[in-house]
Amino acid sequence: MRIIQNGRVVRVVYAVETWELTKRFSLPRALSALARHPFARREVLAVDRVTLRVREGELFGLLGPNGAGKTTLIKLLCTLIIPSSGGARIFGHDLRDGDRVRRTIGLSSGDERSFFWRLSGRENLLFFAALYGFPPAQARHRVEEVLRQLEITPWADQSFRTYSSGQRQRLGIARALLHRPKLLFLDEPTRSLDPAATRRLHDLILGDLRRKEGMTIVLTTHRLDEAEQLCDRVAIMHQGRIRACGAIDELRSALSPGLRYRLLASRLPEERTREWPRAWGDLRVRPAQGGRSEVILDAPSEDEALARLIEWVTGEGAHVYAVHEERPSLEEIFRRFTQEGKIDV
């Protein structure tokens with residue numbers, strides 16, 4: 001992407017930029033099938049022509065049901081597997097330049113098998129710090145920093161095999177932060193954490209990592225409330241493809257361009273809706289408890305819609321007791337975009 005500043009063309013480098021990124025996996029075949037058709041292939045299309053951009057400093061959410069391709073996409077971007085076609089850049093570095101990409105990124109995937117179970121948490125982190133090239137004194141200092149950040153210090157010297165699932169999860173995040181990556185991939189970071197630990201981790205993500213260090217974060221999560229609370233933008237994956245991408249309010253607008261207002265008013269005859277101008281939206285009145293009426297307006301846009309509605313209701317001699325505005329929840333957005341075709345926003 002290029003923009004013009006002060007008459008000069010400036011190239012903007014994204015934290016993540018992919019184009020038509022695709023990954024196919026070959027499936028094993030029975031010997032009888034190989035004998036009959038030796039050259040035939042069975043494949044699974046895990047990531048299907050994914051094109052997206054993540055801005056520097058952004059907290060970007062990747063949502064999707066199990067099997068949507070989220071983990072495969074993350075592995076591609078972390079150079080753990082090779083794409084079948086298409087490509088990607090991490091801060092301007094092509095995925096084929098694996099060493100530079102890996103120095104730029106951190107990954108917390110909850111993979112317990114990559115830790116040494118007989119070593120303590122501190123010893124594990126010191127080992128990985130050495131792999132990153134830290135001198136011994138600097139490694140000890142940095143390990144102490146991440147132990148404090150993730151609140152691991154009280155049990156840092158216990159054997160890893162004694163850790164709970166939540167403790168292992170936090171140690172994985174600590175390891176991903178050791179080399180101060182510019183881009184951090186968090187795969188289900190609050191899985192196995194209790195509500196208090198989840199809240200502290202959210203504070204760490206938004207405070208230390210985002211605001212203080214300016215880190216770019218890509219978060220995969222099944223928790224829609226977590227994505228809505230943390231993310232600047234989200235992408236919804238389904239069957240290997242990006243079905244929708246944008247800020248949550250943008251996705252709401254794509255799903256339902258207008259708004260719905262519900263008013264609780266004193267008794268209002270349903271036939272009075274005939275006087276409502278259709279250009280202002282679809283108006284319905286139905287009985288409510290206590291002899292009152294519920295007035296429902298589906299407005300094509302929010303410009304003056306509520307003011308017009310209240311003015312009309314009071315002009316009919318009714319009193320307004322309550323007003324409620326409805327917007328599609330992230331759960332509704334998720335359900336819609338994982339059932340239907342791609343909608344660009």
Answer with one residue from Gly246, His93, Pro300: the one whose Cα lies farthest towards the positive end of the charge dipole of the chain, charges on Cβ with Lys, Arg +1 and Asp, Glu -1. His93
Based on alpha-carbon centroids, what's the gap between region 192-223 and region 233-307 in Å, whole number please? 33
Enumerate lysine pairs in the chain that are 8 or more residues apart or on different chains, then count those whose Cα atoms are under 20 Å apart. 6
Burial-style ranking of 88-101, 282-295, average other-beta-carbon count within 10 Å with highest first, yields 88-101, 282-295
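With +1 on each Lys and Arg Cβ and -1 on each Asp and Glu Cβ, how big is the dipole of the chain about its Cα centre, in debye rounded to the nearest 20?
So the dipole magnitude of the chain works out to roughly 1600 debye.
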For region 121-272, what does the alpha-carbon gyration tensor say about shape, rounded, prolate or oblate, given a ≥ b ≥ c as the root eigenvalues, a/c under 1.5 as rounded, and a/b over b/c as prolate? prolate
Return one number: the angle in degrees, 0 to 90 and rounded to the nearest 10, between the long axis of the Cα atoms of helix 305-315 and the longest principal axis of the Cα atoms of the chain. 30
Degrees separating the helix 136-149 axis from the principal Cα axis of the chain, which is the longest one: 20
For the chain, calculated [θ]222 nm from helices alone, where every DSSP H run of n ≥ 4 adds -39500 (n - 2.57): -8500 deg cm²/dmol
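How high is the relative contact order of region 156-259, in percent, with contacts defined as C-alpha pairs under 8 Å that are six or more residues apart? The partial results should precede the final answer.
Details: 76 pairs, mean separation 21.0, N = 104.
About 20 percent, as a whole number.
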Electrostatic dipole magnitude of region 248-301 [Cβ: Lys, Arg +1; Asp, Glu -1; Cα centre; debye, to 20]: 240
Quote the charge dipole size of region 57-145 about the Cα centre in Debye, to the nearest 20; the model charges only the Cβ of Lys and Arg (+1) and of Asp and Glu (-1). 140
Select from Gly121, Pro135, Leu52 the residue farthest towards the positive end of the dipole of the chain; place +1 on Cβ of Lys and Arg, -1 on Cβ of Asp and Glu, and compute about the Cα centre. Pro135
Taking the solvent-accessible surface of protein heavy atoms with a 1.4 Å probe, what is the per residue accessible area of the chain in Å²? 54
Taking amide hydrogens as modeled 1.01 Å from N in the peptide plane, which residues meet the under 5 Å criterion relative to Leu62, leaving out close sequence neighbours? Leu219, Thr220, Thr221, Ala235
Could you point to the label whose value was computed as Cα extents along the principal axes in Å for the structure here, given [x] 79, 61, 58; [y] 67, 50, 43; [z] 55, 48, 41? [x]
Enumerate the amide H contacts of Val47 below 5 Å, restricted to partners 5 or more residues apart or on another chain; note that Pro and chain-start residues carry no placed amide H. Lys23
Please list, ordered by chain and number, the residues whose modelled amide H lies under 5 Å from the amide H of Leu259; skip anything fewer than 5 residues away on the same chain. Ala299, Ser301
Quick check: the angle from helix 165-177's long axis to the longest principal axis of the chain, C-alpha only, nearest 10 degrees? 70
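The values are calculated or read from the model by the stated rules, or taken from the named source; none is laboratory data. Just so it is clear, the model here is predicted, and its values are computed rather than measured. All Cβ positions, glycine included, derive from the backbone under ideal geometry; neighbour counts span all protein chains shown. We work out accessible area using only protein heavy atoms, side chains counted, and drop any ligands, DNA or RNA first. Shrake-Rupley method; radii C 1.70, N 1.55, O 1.52, S 1.80 Å.
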